[in-house]
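K.L.:
Following this message is one structure expressed as structure tokens.
The values are calculated or read from the model by the stated rules, or taken from the named source; none is laboratory data. Nothing here was measured: the structure is a model prediction, and the numbers come from that model. Cβ atoms come from the backbone with ideal geometry, glycine included; neighbour counts cover every protein chain shown.
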Amino acid sequence: MHPGLVEVTERLRLRSQVSRSAYLRQMAEAAGLPRGRRKLSCGNLAHAMAACQPVDKDRLRMMDEVNVGMVTAYNDMLSAHQPYEHFPEQIRQALRAFGATGQVAGGVPAMCDGVTQGEPGMELSLVSRDVIAMGTAVALSHNMFDAALCLGVCDKIVPGLLMGALRFGHLPIVFVPAGPMPSGLPNSEKAAVRERYAEGKASRAELLQAESESYHSAGTCTFYGTANTNQILLEAMGLQLPGASFVQPDSPLRAALTVHAAEQAARLARAGQGSMASILDEKALINALVLLLATGGSTNLTLHLVAIGQCAGLQLRWEDMDALSKIVPSIARMYPNGRADINQFQAAGGTAWLFRQLLEAGLLHEEVQTVAGPGLSRYTTEPVLLDGALVWREGPQQSLDNDILRTWQQPFAAEGGLRLVTGNLGRGVIKVSAVAPEHRRVSAPCRLFESQQAFVEAFQAGQLEQDLVAVLRFQGPAANGMPELHKLTPYLSLLQDRGFKVALVTDGRMSGASGKVPAVIHLCPEAAAAGPLARLMDGDLLCVDAEAGTLKVMIDGAQWANRPTAVQAQPIRRGWGRELFGFMRAAASPAEQGGSTFTASLAMADGGAGE
């Protein structure tokens with residue numbers, strides 16, 4: 001194994017000793033209690049099975065039989081989650097045939113960042129992750145279940161399900177994907193229409209047509225954003241079946257994988273094996289981080305992996321990500337880092353290729369537990385139907401498209417492209433895998449904005465035709481819930497294409513599909529916490545150096561220290577339900593601690609944060 005991987009993993013283990021031990025002790029105590037419904041009174045049990053079919057009631061009375069709870073993020077407004085509409089009945093039937101039972105334990109909200117980008121509702125996006133975690137906990141709190149299935153795919157939904165499920169880590173828990181939509185209009189062509197629209201050279205009708213040809217049917221969006229990053233990372237953690245992520249909805253193979261996931265959850269429960277706490281340990285969390293880096297995945301995961309780790313008693317840090325990024329090569333290219341979409345990635349070799357390459361390079365922990373059994377080498381296989389039966393065969397030995405997948409010896413880049421950025425404006429992260437080397441260093445005057453709309457209006461008024469560092473502040477977890485700032489992407493790209501040196505600096509988030517303009521994001525401390533961003537003034541010279549990992553305001557130290565601190569113009573967020581979440585914004589941890597409302601309570605429950 002690569003010594004750098006071993007070193008980072010060991011640092012994580014040592015840092016987490018206190019909190020991880022407390023977490024495992026809590027899970028052991030839960031596992032030591034009568035399993036599932038066996039502890040319930042007759043009245044409790046009667047309530048829980050009142051609506052079940054007679055065959056299910058008979059089995060639920062048999063205390064040795066397994067009952068599997070389903071937590072579903074179904075709604076038919078999200079294309080990625082619409083296929084889940086029929087999963088519960090399919091799973092119930094599969095479990096009956098297996099001699100077990102299944103019940104929908106509860107549903108969790110599933111909002112779509114693609115619908116809310118640039119809208120007030122986007123300010124609920126990150127906090128919805130914690131709401132989903134709480135909803136998952138409420139669903140599983142009924143203590144009816146011997147195992148669970150989590151049905152979710154997209155941005156905050158998988159992290160939220162993970163965070164909630166981890167507090168029931170004494171159970172086997174399997175994640176069940178729904179699959180990507182078929183390929184539509186190529187993402188690069190869609191982006192070109194967006195840029196033309198931003199310039200006023202394309203009509204709204206042309207833009208809507210392009211968007212509709214790209215997002216056109218049930219299934220996950222095909223670009224490599226947060227949703228598809230989630231799926232690869234679930235496999236890396238061993239919580240999803242090998243090769244299950246990118247099989248399209250409504251296909252016979254997808255149906256077979258869903259049935260097998262249900263059976264596997266019941267099988268693990270019967271054997272008393274495969275608890276989530278035994279699977280998601282420091283090695284599994286590091287494996288997920290390696291896959292994030294090797295594929296140029298979503299920057300949103302720099303928040304989510306930290307928050308997920310906390311729910312398992314693991315204290316992951318941005319320094320761990322930065323250290324691993326220096327040794328993990330970039331071996332996959334999908335839009336926005338390349339031209340391919342997720343279906344083309346799957347056809348070129350998919351996750352089986354990734355796992356084989358990274359295991360060969362010594363950059364993954366092979367000796368881990370997974371829902372498919374011991375050993376990550378199981379994930380070098382891919383599922384197929386052979387005479388109608390689901391089997392796993394060895395994945396491709398060679399990349400079928402070197403523009404999409406390359407060997408670890410001949411990668412697209414020697415590093416993972418995710419960097420920790422530090423300086424006198426704080427600490428943040430930058431993703432450079434889609435940024436050309438000539439654009440990675442920008443020194444220019446800054447222009448301050450407190451909303452995306454203000455930036456767009458300045459662009460449309462012709463005020464930004466110059467070298468520029470756009471600063472979007474008061475966009476952090478405490479300020480307004482940390483919305484994605486994807487609306488800025490076409491405008492910043494246009495300025496860069498016109499020959500200007502352009503960068504973005506923000507305490508907010510960028511899209512999970514962060515693109516070709518250098519963006520220092522998640523800056524801590526945030527402006528709402530009186531961070532250095534709150535002292536900037538229009539025209540200050542900022543230096544962004546992605547290669548060196550530095551961000552500086554070029555100003556005399558004494559003058560900087562005496563600068564007044566700006567105050568958020570609209571600290572109370574009203575309308576579109578935002579006022580209901582004020583207490584969560586007030587409790588949110590800084591971005592580098594996951595932007596989570598649970599950080600403090602988990603630290604108390606798990607005995608502190610380690611070191």
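K.L.:
Residues A73, A30: which one is closer than 30 Å to S212 by Cα and hydrophobic (A, V, I, L, M, F, W, C)? Step through it out loud before you land on a result.
P.N.:
Values: A30 fails: closer than 30 Å to S212 by Cα.
Being closer than 30 Å to S212 by Cα and hydrophobic (A, V, I, L, M, F, W, C) holds for just one of A73, A30, which is A73.
K.L.:
While we're looking at this one, here's another question. Looking at (1) crowded, with 16+ Cβ neighbours inside 10 Å; (2) modelled with pLDDT of 95 or more; (3) among the hydrophobic types (A, V, I, L, M, F, W, C), which is the one condition that is false for V391?
P.N.:
Every condition holds for V391 apart from (1).
K.L.:
Being aliphatic (A, V, I, L, M) and within 30 Å of T220 (Cα to Cα) is the filter here; which residues of the range 47-77 pass it?
P.N.:
Narrowing the range 47-77 to residues aliphatic (A, V, I, L, M): 48-51, 55, 60, 62-63, 66, 68, 70-71, 73, 77.
Selection gives V68, M70, V71, A73, M77.
K.L.:
Taking the range 78-106 as the region of interest, how many residues are outside any helix (DSSP H, G or I), under 27 Å from the mean Cα position of the chain (by Cα) and of a type in the set (A, V, I, L, M, F, W, C)?
P.N.:
Adding up the residues that qualify gives 4.
K.L.:
While we're looking at this one, here's another question. Does at least one position in the range 279-297 carry a residue that is surrounded by fewer than 24 Cβ atoms within 10 Å (Cβ to Cβ) and within 27 Å of R96 (Cα to Cα)?
P.N.:
yes
K.L.:
In the range 136-163, which residues are touching a residue at least 40 places away in the same chain (Cβ under 8 Å), among the small types (G, A, S) and not in a strand (DSSP E or B)?
P.N.:
Applying the first criterion (touching a residue at least 40 places away in the same chain (Cβ under 8 Å)) to the range 136-163 yields 136, 139-140, 142-163.
Of the ones still in play, those that are also among the small types (G, A, S) are 139, 147-148, 152, 160.
Passing the criteria: A139, G152, G160.
K.L.:
Moving to a separate point now. Within the range 507-542, can you find the residues that are within 13 Å of A470 (Cα to Cα), small (G, A, S) and under 22 Å from the mean Cα position of the chain (by Cα)?
P.N.:
Scanning the range 507-542 gives G508, A519.
K.L.:
Shifting gears a bit: Give me the residue from the range 497-538 that is over 25 Å from A586 (Cβ atoms) and among the hydroxyl-bearing types (S, T, Y) and, out of that set, modelled with the lowest pLDDT.
P.N.:
If we take residues in the range 497-538 being over 25 Å from A586 (Cβ atoms) and among the hydroxyl-bearing types (S, T, Y), then S514 is modelled with the lowest pLDDT.
K.L.:
Any residue that is buried (at least 20 other Cβ atoms within 10 Å of the Cβ) and either modelled with pLDDT of 95 or more or of a type in the set (V, I, T) (or both) - is there at least one of those in the range 550-559? First the steps, then the outcome.
P.N.:
Quick first cut of the range 550-559, residues buried (at least 20 other Cβ atoms within 10 Å of the Cβ) only: 551, 553.
If we keep only those that are either modelled with pLDDT of 95 or more or of a type in the set (V, I, T) (or both) as well, we get 551, 553.
Yes, that holds for at least one residue.
K.L.:
Also, quick follow-up: From (1) modelled with pLDDT of 95 or more; (2) more than 28 Å from the chain's Cα centre (by Cα); (3) over 30 Å from M584 (Cα atoms), pick out the condition that doesn't hold for Q460.
P.N.:
All conditions pass for Q460, except number (1).
A quick yes/no check of all residues on (1) more than 27 Å from R393 (Cβ to Cβ); (2) touching a Gly at 6+ places or on another chain (Cβ under 9 Å); (3) among the polar types (S, T, N, Q); (4) outside any helix (DSSP H, G or I):
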position	(1), (2), (3), (4)
S298	yes, yes, yes, yes
E319	yes, no, no, no
A323	yes, yes, no, no
I327	yes, yes, no, yes
N343	no, no, yes, no
A347	no, no, no, no
T351	no, yes, yes, no
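K.L.:
Can you work out which of the residues in the range 180-210 that are in a helix (DSSP H, G or I) and touching a residue at least 60 places away in the same chain (Cβ under 8 Å) is surrounded by the most Cβ atoms within 10 Å (Cβ to Cβ)?
P.N.:
Our first condition is that a residue be in a helix (DSSP H, G or I); within the range 180-210, this holds for 187-198, 204-210.
Now restrict to residues that are touching a residue at least 60 places away in the same chain (Cβ under 8 Å): 187-188, 191, 194-195, 197-198.
Details: N187: 23, S188: 14, A191: 21, R194: 19, E195: 16, Y197: 18, A198: 20.
Looking at the filtered set, the residue picked out is N187.
K.L.:
Looking at L488, L504, L533, can you tell me which residue is within 26 Å of R333 (Cβ to Cβ), assigned to a helix (DSSP H, G or I) and among the aliphatic types (A, V, I, L, M)? Walk me through how you get there before you give the answer.
P.N.:
Numbers: L504 fails: assigned to a helix (DSSP H, G or I); L533 fails: within 26 Å of R333 (Cβ to Cβ).
The unique qualifying residue is L488.
K.L.:
Determine if the range 120-142 includes at least one residue that is surrounded by 19 or more Cβ atoms within 10 Å (Cβ to Cβ) and either within 18 Å of M49 (Cα to Cα) or not assigned by TED's automatic domain parsing to the domain that holds L40 (or both).
P.N.:
yes
K.L.:
Among all residue pairs at least 6 apart or on different chains, which show Cβ distances below 8 Å where the first residue, located in the range 52-73, is outside any strand (DSSP E or B) and the second is surrounded by 15 or more Cβ atoms within 10 Å (Cβ to Cβ) and of a type in the set (F, W, Y)?
P.N.:
Close Cβ pairs (under 8 Å, with a partner that is surrounded by 15 or more Cβ atoms within 10 Å (Cβ to Cβ) and of a type in the set (F, W, Y)) amount to A73/Y84.
K.L.:
Taking the condition of being in contact with a strand residue (DSSP E or B) (Cβ under 9 Å, 6 or more places away or on another chain) and either assigned to a helix (DSSP H, G or I) or among the aromatic types (F, W, Y) (or both), how many residues in the range 236-261 meet it? Break it down stepwise before answering.
P.N.:
Of the range 236-261, the ones in contact with a strand residue (DSSP E or B) (Cβ under 9 Å, 6 or more places away or on another chain) are 237-249, 252-253, 256-261.
Going one step further and asking which of them are either assigned to a helix (DSSP H, G or I) or among the aromatic types (F, W, Y) (or both), we end up with 237, 246, 252-253, 256-261.
Within the range 236-261, residues that are in contact with a strand residue (DSSP E or B) (Cβ under 9 Å, 6 or more places away or on another chain) and either assigned to a helix (DSSP H, G or I) or among the aromatic types (F, W, Y) (or both) number 10.
K.L.:
While we're on this one: Taking the options V371, V391, V328, V290, name whichever one is of a type in the set (V, I, T) and without any contact (Cβ under 8 Å) to a residue 60 or more places away in the chain.
P.N.:
Working: V371 fails: without any contact (Cβ under 8 Å) to a residue 60 or more places away in the chain; V328 fails: without any contact (Cβ under 8 Å) to a residue 60 or more places away in the chain; V290 fails: without any contact (Cβ under 8 Å) to a residue 60 or more places away in the chain.
Residue meeting the stated conditions: V391.
K.L.:
A further question follows. Mind checking which pairs have a first residue in the range 504-523 that is closer than 8 Å to T299 by Cα and hydroxyl-bearing (S, T, Y) and a second that is at pLDDT 90 or above and in a loop (DSSP other than H, G, I, E, B), Cβ under 6 Å, 6 or more apart or different chains?
P.N.:
The qualifying pairs are S514/T299.
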